[in-house]
Amino acid sequence: MGLEVAMNLILGGVHSVTLHDTKTLTFRDLSAHFYASERDVGKNRAKVCFNKLAERNDTVNCALAVKILSEDFVKQFDMIDWVERKTGLTVSMLTSGASLLYAFFHAPEKVAERKEMDDLIAVLEEVSRDRVPDHRHAIVLEALTKNDENEFVEIPVIKYKFR
């Protein structure tokens, strides 16, 4: 989540905010990270601004996550609900490469089954009829989404790390 969005959520008094970033601050980042300075270059971007953001509103529970999202973390949510919560959009289709993992127009029982995707890799292997190689650590997902006005909204691809 962007720094300004996090600050606005905290100032707005939401119940909780988790800052997640695995990248280190670069000199180029300084133009967007108004809580950072040159001495912070090379440090984790979320860690650099966490304390200053948390101080903005002491009624908001702030948490810090600096590790890559693990499969166990993401498994708390099913993938479609997770994407919908993160974007506020409705997922119409979810693909990985040429494999259509979920689509609103599937038979109702298939839609229900796919919305329960606890093991995304098993679904991918079933749909593609191919085993995910042991050396592969992530897959790229693309989601076709719609907003409340039923307009298609493009979101960046989702990199799902599972190993």
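The values are calculated or read from the model by the stated rules, or taken from the named source; none is laboratory data. Note that this is a predicted model, so its numbers are computed, not measured. Methodologically, a virtual Cβ is constructed for each residue, glycine included, from the backbone with ideal geometry; neighbour enumeration extends over all protein chains shown.
State whether one or more residues within region 103-116 are under 21 Å from the mean Cα position of the chain (by Cα), at pLDDT 75 or above and not charged (D, E, K, R). Among the residues of region 103-116, not one is under 21 Å from the mean Cα position of the chain (by Cα), at pLDDT 75 or above and not charged (D, E, K, R), which makes the answer no. Each residue in region 11-32 was checked for being in contact with a helix residue (DSSP H, G or I) (Cβ under 6 Å, 6 or more places away or on another chain) and touching a residue at least 24 places away in the same chain (Cβ under 8 Å), and 3 pass. For region 12-37, a residue qualifies if it is assigned to a helix (DSSP H, G or I) and within 22 Å of the chain's Cα centre (by Cα), and the qualifying residues are GLY12, ASP29. Scanning region 116-163 for residues that are farther than 11 Å from SER96 by Cβ and β-branched (Val, Ile, Thr) yields a total of 3.
Considered as a group, the residues in region 58-95 that are among the polar types (S, T, N, Q) and modelled with pLDDT under 70 include one that is surrounded by the fewest Cβ atoms within 10 Å (Cβ to Cβ), and that residue is GLN76.
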